[in-house]
Each structure stands twice: as C-alpha cells, then as structure tokens.
C-alpha cells in the first residue's frame, strides 16, 4: 500500500462525496461520452448584485452538466452595486477563478464569443441573461438599483441591441407575512413595458421561493435548476422555442425532476460499509504485549537475544576483522615463550599482549560505526518489522513501556574476563554494541515514533468512525434495502481480503486510499451503480415489485405530486406557453415511452443519463402578478 | 566544578605557542597575570573546535595541576593547568609527549567555587595558540635466535619469533594504536605499555610490517 499524500482529516462524508462523484462521472466516462443538444448562439450570463453572483457555481454546474464542452464558451460576468469593474468568473479545472475586469475589456471578451473558437451553430444573435436575486434586499429601491446595473452591462457588451435576445431572470424572495419587497417587484413587473425596445428586455422569468401550492423553498437550488432549464431551452436551434421565450412577456415555470439519487446511494453504501469496521482498532490497552510468548521474535531478537538487524550487520562488517585462532597468535608477547595465545582468557591475553586486545577491540568498534544512511535504513526496516508484528494498540503499549522494552532488547550478557579470547571477541562485540547509544538509539526512537503515530492514527480513526453518525439517514426504504443488499453481496465474496487489507493501514492517507479502493471495487462490480437513472430506478423498483411499470412511475413523478409551479398568482396560470421534458434521448426507453404518451411536449436531449426534468413555462399577465 | 567557554578578550590573551625542535619545552606569550591550560591533542586535529569537548572532560576529571593528565582514558587528550606564577619562570612549561598538537588557552579560576572560565582561543596573523610537534621513531625488528645444546654442541637457532625493539626514551602522551604492525591479514596496535616494555616478541615466520597511524609520527 502506498503512503499517499498526507491528509489531515477524513470523514464518512468525504467518502460519500467520492463515491457519488464516481457515479456522476459514469455518463461521461464509463458509459461512453454522449452529449445532447448544444447551445445555438453565443451567450452571456450577467449576475447583477452580490447575491446573484453567489449563484454562479450552482447555475454553471447545471449548464455544464448538459453542455460540458462549453465551459470556455459561455461568459459569466458579475456586477456589483459598488465599484465600476465587472467580475469575470470561470472554472479552471476544479476551481473557480474570479478576475476583476474593467468595463472597457468586456466587449473584447464578447468579441471572442464570435471568433469561432467555440463553434456555435449561429452567430447571428447574442443571448444575454440577467440574473437578479432579491434575497438580500432590505429596501424596495434596491431592486431598482440592481435593475439599473443592466444598463451598464448592456453598454459594456458593445453589441447592437437588435442583435441581442435578452432575458431577465428574477429570483423573488417573498415572505408569507408582510411582503414589501415581493409586492414592490410584482408591481414593477406588472407595469413593465416591453414595447420600449431601447430599455426593455425580451423576456422576464420570475421564480418565487413560495410555490403556487404554498410550499417554501429551503434554498434556491430548484430555482437555479429551472433557470438553467429555461436558458437551455431558450438557446436552441429550434427557433420556435427560442421565439416563444423571447417574445416580450413575463413568465414563470413549473418544474419537477427525477434523478438518480447518487448522494443517497453513496450514503447507504458508505455508511453501512464503515459500520462493519466499528470493532476494529478500538484503542484498547495492550499491556499484555511484553508477556506474549512470541515477543522476542516480534521485536526482532535473534537466538542470542540481540536485534537481528544488528547481528546481521556485525556479521557483515566484522566478518574478517575478528581474528582467527592463528591470528590471535600474531599478537605481541612479553617474552619468547611459545604460548598458544588463542586459548587464553581475555584477562590473560590482555596481560600477555600488554593491552593489545583492548586497543584492537576499541579500534574495531570504531570501524563498525554505522553511517547516517545505514542508520536510516535500519529505522525503515525496523518500523516495518514493528508494523508487521504488532497491532496499533500493541505499538502504543510498547512505546508506553519503553524502559522495559529497552531492557529486553539490550539483554546481552557482559563478557567475563575469564572467557576464552576467541569466544570473547564476538560476544564482546555484541555486548558493546547493545550498550552503545549510537547503535541502539535508532531502534528505541523507532518504537517511540511508531507508538506516537499509532496513537495519532487511532484518534483520527475514532473521529472518522464518529463522523458516520453525523450523516442523515436515507428516507427511501426501497433504496436502502436494495443497496444494503448490493453491499452484502460484495462482502460475501470479499470480506476476508477487505479486513486483511485493513490491517495494513498505518495512517490517514492509507485509510483514505483503502476505502476508496474498496468503494471502487464495489462500484466496478455492480453495473447498476453506473447505469442511467431510469435503468437504476427500474432495477430497484422491480426488486421490490416485479409488476411495476418504471416508465409510468417516472412519468407520474414528472407530472404528478412532485410537480410545482413557482409563483403564486391571483388567477389560474392558464395553458402553458411551452411544456418541455429535458432528458437523455439516445438509447432511452423512457424517452420513447414519454414521447409516445405526450404529443404536445417538447423534448430536449441533454445527453445526461442521470436525470429527467419537466419544465413548463406559463405566461404571467399583469393582473395575475399583483 | 563548572568549566565553560567565554568570549575571547583582547586583554586576556595566551598566544604564539611554539616549540623548538629537540627541546622538551613549550613557550607562549601571555598577558601578565593570565593563567593557562595546555591541552594535548592527537596530531593535526582541529583543536580549537574541540575546546568545548575539553570543557566537559575537565569537569569530569578536574583541573590537572603539576603535570599532564589524560582526560579521556588514553584516547589522545591530555591537559595541564599552568598558573601564571609557574608560567612566569620560563615563559612556558615542559611538554608531555611528541607526535601531537598542543593548544594553549587562557583561563580564570574562581577561588571560591573553583569554577573555570576558558577564553575562546583566537588566531592572530602568524601567531597561533597551537602548534604541532612531529616525531621520528626508529623501530628495530630482527629475527630472534636462541642458543640450544650444551658445551661444544651449543648452537644458535631460530626461535620462531621476531624481536621488536622500541626507542629507549619514553614517548609520553602516546596514544595506543598510533603505531601498528601488519601481519597475517590483521593490523595489531602498539600500546604505550609495549613502548615501555622496550622489547616485544612476535611469533611468526613472516616479518611484521610497521605502519604509523599518526601523521605526526614518522617511522624510520
């Protein structure tokens, strides 16, 4: 397992994001790249005011989900009440870049849209959308101030108005009690004069946070979805649709969508997968570790009670430096007596050779001194040994009982002076080395460091396990049962290996890698996770009820209880100007079925197999606004 | 007793340590009244860099007065305290041994606590606080014979040993292993005790080859 980049934290949410990201990419990667219809004309989105500017990420994400190849081809510009400059916002790989743009440079950017770099089907028109968000308004006149920013934008564009098709998209925050600002905007809109070609736009989309059936939106997410659907429908090579949406009227929209519940699927799989590890690495005390019968072997001692790494080193380095019995006899003596020096004790030898052995041995130890590189390699090797022999809890216990461990790894007897010189040589070497900090410090340091990193990891691990409790439960019982089964199938065949691999994890980076690997395995082993939303839904519903008609189910969702209109009006909204369903058409049984059942519905091919949206446009007359 | 280094003081200088070849005396220039410590190191060492190490050794061993004392168990560092009164007599003191490098440092000793403060030694152009003394040694190696037999049958036979003779005058401050001999694939160090012994015997058919491990000690 690789070490990976260092990460500071990991939560179950991170894994859910990872897994749902994988599933979202399926339509572009694993299912082959398919794209649907493309925008017909060059376009700009102006976000007027700081609140509208906040909508960039949501709006652009929605648009690029349908038009992924136009990330550089659509211009997003922000304009705030204060200051003269525009804000040019775009995506750079995965991050959002914001640049200040002087007014005089806006037209240059706009010219670039017509340069041919991004191949729009037609450059006869420029489509301009002005986004206004009233959520942060405190006073009515803020609406007028924001609207007036539009004139600044128009001037900056540098394109004659006759070539422009422009639309104002108003996100209208209304209160259920006193609704001063909402009412003010409604009154203003009711007086809007589309015939004033010079100062008016060609269409206004109004979306309220309170639906016709009095439901309050918790956020503007649905409104951004609708706005992006309308933008997509309006920038269309089907000129009839474009003409309808830029025909000088105020309109609102009804909306519903059915999408692949990637977040919920990821939630069920990740949460239940992580649940299987709750009894691992609990951080329980492992003080028994020194009493373990196999302790000596695990801590790396050889049959002589010396660290094997060191005894191997001694054998390698000192090999021919320890004198043979013949060589001992080459040592000097006080007299010409024929004594076999090799059979003397250490004391006798030193005495007869006038201290030569003590000096020789001292020099030998000096030559044995390990280099910095050698010590580093011992450290790596020893840490690997500790990790393979001891659990995280045991490594913590070793560090906590370091003094005892030190005694055990330095348990080499001192050589008595009565020992024979030939045996004493090697034994003295061992004894001197285990009592030399230069050799031993690195091993004790390794034990301490492994204990510390095990402690840190267990703390991070506990935090990670805790993080799964912060995830909301999925309300869809059918979904939960289905994906728990998927997970169980995976574990039935992989459980042993999964837990084996888990034991190798040493730090947070490896933990992330471990979980991502296993989630990837689950993903790759189950086609349903990369299927389009309708196939996935079909599999899941049929698992519960074989008789269910999935197309009918989805059709109901798009037109039934989940469908809401996002503006409350005095009278009925009447017949829609446009009924549209946006979905992936290629190879879609759903599309075929919906098309057959809905003759008057306009179908837009998004190329995105993850969702289907129903967007219905209604004209709003002046008397209906007030 | 604490021993610590303090910054050099231009008014408290011990410098220009010199040795005349053949003499057994070391001389240096000193600020009047300044006590000194003379330290002997293995030949050619960066002695000034090792002064902090010597401070720790002096703390363990105490300030050696009246003569040189080994500060690291025969591993080549010796020290001697030279109070100004002693220095004054001959502007120096007797050295310990040769084939080494000496360093002189000025110091002050607290009369009450006994704590020692050593001035950081400095070099001034041609005048240095250290000097290296080399030494030539002659070692005689010959085949050793013994007389065997009686009366008219007495004859001289090879004993199976080489006899090695060292110079008669002692080499004080000799560091064990500065000289060694190579024989049979190993290098055997010569200890100070062997030099004092004057004659040693090596049992071998091949002659031991002597080498010097000290740049200041030449074998002739």
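We did not get these values from a lab; they are worked out from the coordinates using the rules stated. These numbers were taken from a predicted model, which means no experiment stands behind them. All Cβ positions, glycine included, derive from the backbone under ideal geometry; neighbour counts span all protein chains shown.
Using only Cα atoms, figure out Rg for the stretch A:273-332 and give it as a multiple of 2.2 N^0.38 Å.
With N residues counted in the stretch A:273-332, Rg over 2.2 N^0.38 Å equals 2.13.
By the Stokes-Einstein formula, at 0.890 mPa s and 25 °C, the stretch A:373-438 with its Kirkwood radius over alpha-carbon pairs has D equal to 174 µm²/s. Residues B:21, A:440, B:207 in ascending order of nearby Cβ atoms (within 10 Å, fewest first): B:21, B:207, A:440.
Dividing the radius of gyration of the alpha carbons in the stretch A:262-395 by their Kirkwood radius gives 1.31 for Rg/Rh.
If both residues of a DSSP beta bridge must be in the protein assembly as shown, then about 65% of such bridges are antiparallel. When shorter helices are ignored and each DSSP H run of at least 4 residues is given -39500 (n - 2.57), the per-residue value for the protein assembly as shown at 222 nm works out to -12000 deg cm²/dmol. Simple spin-label estimate for residue A:199 and residue A:64 gives 3.8 nm between the two label positions (7 Å along the Cα-to-Cβ direction from each Cα).
Within the stretch A:95-246, the ratio Rg/Rh, alpha carbon atoms throughout and Rh by Kirkwood, equals 0.98. Dividing the convex hull volume of the alpha-carbon atoms in the stretch A:330-399 by its residue count gives 156 Å³ per residue. If the Kirkwood radius is taken over C-alpha pairs of the stretch A:520-626, then at 10 °C and 1.306 mPa s the Stokes-Einstein diffusion coefficient equals 100 µm²/s. For the peptide B:198-204, the mean number of other protein chain Cβ atoms found within 10 angstrom of a residue's Cβ is 5.
Counting 0.36 nm for each residue step from residue A:500 to residue A:371 and taking away their Cα separation leaves a gain of 42.8 nm. The mean count of C-beta atoms from other chains within 10 Å of the C-beta of residues in B:190-197, rounded to a whole number, is 5. The percentage of C-alpha pairs in the stretch B:76-168 whose separation is greater than 16 Å is 75%.
Semi-axes of the equivalent ellipsoid of the stretch A:203-340 are 89, 25, 11 Å, computed as sqrt(5λ) over the eigenvalues of the C-alpha gyration tensor in descending order.
Quote to one decimal, in nm, the extra length available between residue A:438 and residue A:381 on full extension: 0.36 nm per residue of separation minus the C-alpha distance between them.
So the chain would gain 18.8 nm between residue A:438 and residue A:381.
A Förster radius of 51 Å, combined with the Cβ-Cβ distance separating residue B:187 from residue A:543, puts the computed FRET efficiency at roughly 0.05. Over the Cα atoms of the stretch B:1-130, each weighted equally, I'd like the Debye log10 I(q)/I(0) at q = 0.15, 0.21, 0.22 Å⁻¹, rounded to two decimals. Once normalised to I(0) and log-transformed, intensities are -0.63, -1.36, -1.53. The calculated FRET efficiency for residue A:122 paired with residue A:190, based on their beta-carbon distance and R0 = 30 Å, is about 0.30.
What does the structure give for A:352-365 when I average, per residue, the other chain Cβ atoms found within 10 Å of the residue Cβ?
5
Among A:262, A:35, A:252, B:122, the ranking by other beta carbons within 10 Å of each residue's beta carbon, starting with the fewest, stands as B:122, A:35, A:262, A:252. Starting from one equal scatterer on each C-alpha and no solvent at all, send me the Debye-based log10 I(q)/I(0) for the stretch A:330-479 at q = 0.10, 0.12 Å⁻¹, two decimals. Here the Debye-derived log intensity ratios amount to -0.57, -0.71. For the pair residue A:141 and residue A:97 in one chain, pulling the backbone fully straight at 0.36 nm per residue adds 12.7 nm over the alpha carbon distance. Computing FRET efficiency as 1/(1 + (r/R0)^6) for residue A:292 and residue B:57, where r is the C-beta to C-beta distance and R0 is 51 Å, gives about 0.70. Taking every alpha-carbon pair in chain A and binning the separations at 20 Å intervals from zero gives 16, 33, 22, 15, 10, 4, 0 percent. To the nearest ten degrees, helix A:477-503 and the longest principal axis of the Cα atoms of chain A are 20 degrees apart.
Can you give me the convex hull volume of the Cα atoms of chain B, divided per residue and expressed in Å³?
Details: hull volume 33.8 nm³, N = 220.
Looking at chain B, the number lands at 154 Å³ per residue.
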